[in-house]
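Read through the structure below, which is laid out as structure tokens, and then see the notes.
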């Protein structure tokens, strides 16, 4: 579709510049305030004055044109006289009854067959707008009809590109719930309606609804610009100007549409805000702003040309309908690239935030770990201290026998081995490897419990690890241990907070054909049903000094790294967390 779009643009440009040498000898105009006059009434009038086209002027008069054909320039082919009206949506062109004419997307044209070309052609412009913007182009009939065929295909492709853009970003909103996508989708839909409506003659009633659609486009694109460039955060002044622009658009619509009917086109000053915002964002290092500048710049230039084409000298050279059908889909394509690039940046930022949250959680857990190490080592260190005291006492009394020395040495080695195992367990927890390992879930579960063993003993917390058989799995061992530690540690905190009598934790491992369930349940009273759906949100916590990243991090690890699921439900007297690991 995109390839065809640019191919047709190229062909249309080639055909459009192949305008025939003029067969028009002279053009005369007769202005009158008498709206009842018809062409036959003025055919022989002496009030016609020679003029040149294009004609752009403000007047209340109706105009009659007399076009004299130069027969010496006529070749053996059929001709088309294209009657160009740019800003005249409500003006009408009347022709001689014997003149053959047709219309293509609001553009009326006269067909002159080679064997029946009149000496003079008369036409009347009924000036309903008190403004004339009129020109004539001469074409070879065959080439002109080919041009119109290509234009029809171009318009269809343009509608297809914009409608596809609307559907694409509407679907993105449905699945991602990011408001920037629905804003942009609505702006694309409004552009599509504007393009379709601009290809047909408007009446007073439909013009009001056309203005509403145009207002929706201006508002949604302004909101899109705020979100895309993040002006609220990086450019507060520009953000306020955007909000002021929206207010101006609404006020302009309410006031002007109440007294007169013409398209609401933002002034050059308001349009420049978008370009300034894009340039400032680019300077601040937002690379995606380059796409925004190019896409929106094309639209702004198109609107400025359409609104001021008489000042630019483009009357008769650029058809506004063709221009807007080219610039709008091009803007959609460019901003599609921009949004795709921004999605890439957002994804990278989310990954960074995920790693940051995991790191935060590990740092928060480090304090718990150090406290547990002190608990784990306190007893063996005390035991070692007693052994050394016994050695000293026996030595001073000269009762340090070889057998006693060997016995106490074995006893001391057992304590040191226990301390070494404790360090190994903590090392497994903190190591940052991202390689999958083949290990026993039962052993990992027991290691996770051992990390908190002394705390559990000190607080009289009973822990039961239940399983029917040993289960081997290949996944990220350190991350699964981190999740289990967090769940066990949270249960411990709830027991202490609620002063639960006979606290009990059950860690159950269930193996099925397709998955492994690791269930961690307690009898700490469960979670309030009003907040149970919020516990996985980042920075949500019920602890007085909690960071609110523990359970969020657990869910991220289980669902993103381990490709499983983390489920929660209240049970009798407590809560149950289930880690689902798929085989």
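Values quoted throughout were computed directly from the atomic coordinates according to the rules given, and no laboratory measurement underlies them. Remember, it's a predicted structure, so these values are computed and weren't measured experimentally. Virtual Cβ from ideal backbone geometry, glycine too; neighbours counted across all protein chains shown.
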Check your understanding: Using the count of nearby Cβ atoms within 10 Å as a rough guide to exposure, how do 96, 70 rank from fewest to most?
Key -> 70, 96
Check your understanding: Fully extended, how many nm does the chain gain between residue 51 and residue 470 (0.36 nm per residue separation, minus their Cα-Cα distance)?
Key -> 140.9 nm
**Study point:** Förster radius 25 Å - calculated FRET efficiency between residue 510 and residue 457 (Cβ-Cβ, nearest 0.05)
**Key:** 0.40
Review point. Residues of the range 27-62 with amide nitrogen under 16 Å from the 7 Å Cα-to-Cβ point of residue 68?
Key: 27-30, 43-53
Exercise for review: With label points built 7 Å along Cα→Cβ from the Cα atoms of residue 343 and residue 275, find their separation and express it in nm.
Suggested key: 3.0
Point to revise | Where a label projected 7 Å from the Cα of residue 58 along Cα→Cβ would reach, residues of the range 111-140 with amide N under 15 Å | key: 129-133
Study note, to complete from the structure: 1/(1 + (r/R0)^6) with r = Cβ-Cβ of residue 153 and residue 175, R0 = 22 Å, i.e. FRET efficiency to nearest 0.05, evaluates to 0.10
Practice item. Measure off 7 Å from each Cα along the Cα-to-Cβ vector at residue 40 and residue 559, then give the distance between these two points in nanometres to one decimal. Key: 7.9
Check your understanding: Over what distance in Å are the Cα centres of the range 42-65 and the range 215-259 separated?
Key -> 42
Review point. How high is the FRET efficiency between residue 497 and residue 353 when r is their beta carbon distance and R₀ equals 25 Å, given to the nearest 0.05?
Key: 0.30
